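Q: I'd like to ask you about the structure that follows.
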Amino acid sequence: MSDNGKVLSALLLGAAAGAVLGLLMAPDKGSNTRKRIQDGAAELIDELTEKINEGKEAINDLREKAMNTAADLKDKAMSKAEQLKADAEAEVNGAKQKAKHATHSN
């Protein structure tokens, strides 16, 4: 989790704890207090669920980007390997031709 995500989570939890304590200390009927706590908890759950879903999306996006980058790197490496192989074969063939000409010249 990024530092911003940690700070946001801490702020949300702190706000929720403060709201619960404020409700518990406020002079009101028990049924009203319980209703407020219930509503606050439901709202907090909704907010946290939204943040979790955003985090999942971010992870999926990063995973997809990493997979695409890995595929691109693999393709570049394969292309470079094929080019090096072709260059090496050309050098070997050139050396064979020079050796053949050298043996026929003697």
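Q: Checking the cross-link filter: which aspartates and glutamates have an alpha carbon closer than 17 Å to that of Lys35, excluding same-chain neighbours under 8 positions apart?
A: Excluding near neighbours in sequence, the set is Glu43, Asp46.
Q: Under 19 Å Cα to Cα from Lys98, which aspartates and glutamates show up? Leave out anything in the same chain fewer than 8 places away.
A: Here the aspartates and glutamates satisfying the reach criterion relative to Lys98 are Asp87, Glu89.
Q: Same structure again: At a Cα cut-off below 26 Å, give the lysines reachable from Lys76, other chains included and same-chain residues fewer than 8 away excluded.
A: Answer for Lys76, where 26 Å is the Cα cut-off: Lys65, Lys85, listed by chain and number.
Q: Which value, in debye to the nearest 20, gives the size of the charge dipole of the chain about its Cα centre, when Lys and Arg are +1 and Asp and Glu are -1 at the Cβ?
A: 440
Q: Rounded to the nearest 500 deg cm²/dmol, what is the calculated helix-only ellipticity per residue at 222 nm for the chain, with -39500 (n - 2.57) per DSSP H run of length n ≥ 4?
A: Mean residue ellipticity, 222 nm, calculated: -35000 deg cm²/dmol.
Q: Using only the Cα atoms, what convex hull volume per residue in Å³ does the chain have?
A: Here the figure is 80 Å³ per residue.
Q: Give me the angle, in degrees from 0 to 90, between the Cα long axis of helix 3-25 and the longest principal axis of the Cα atoms of the chain, rounded to the nearest 10.
A: Helix 3-25 sits roughly 10 degrees off the main axis of the chain.
Q: Mind pulling the angle between the C-alpha long axis of helix 30-105 and the longest principal axis of the chain? Nearest 10 degrees, somewhere in 0 to 90.
A: 0
A short reminder: the numbers here are calculations on the coordinates, not readings from a lab. Just so we're clear, the structure is a prediction, and the values are computed from it rather than from any experiment. FYI the Cβ positions are ideal-geometry reconstructions off the backbone, even for glycines, and counts take in every protein chain you see.
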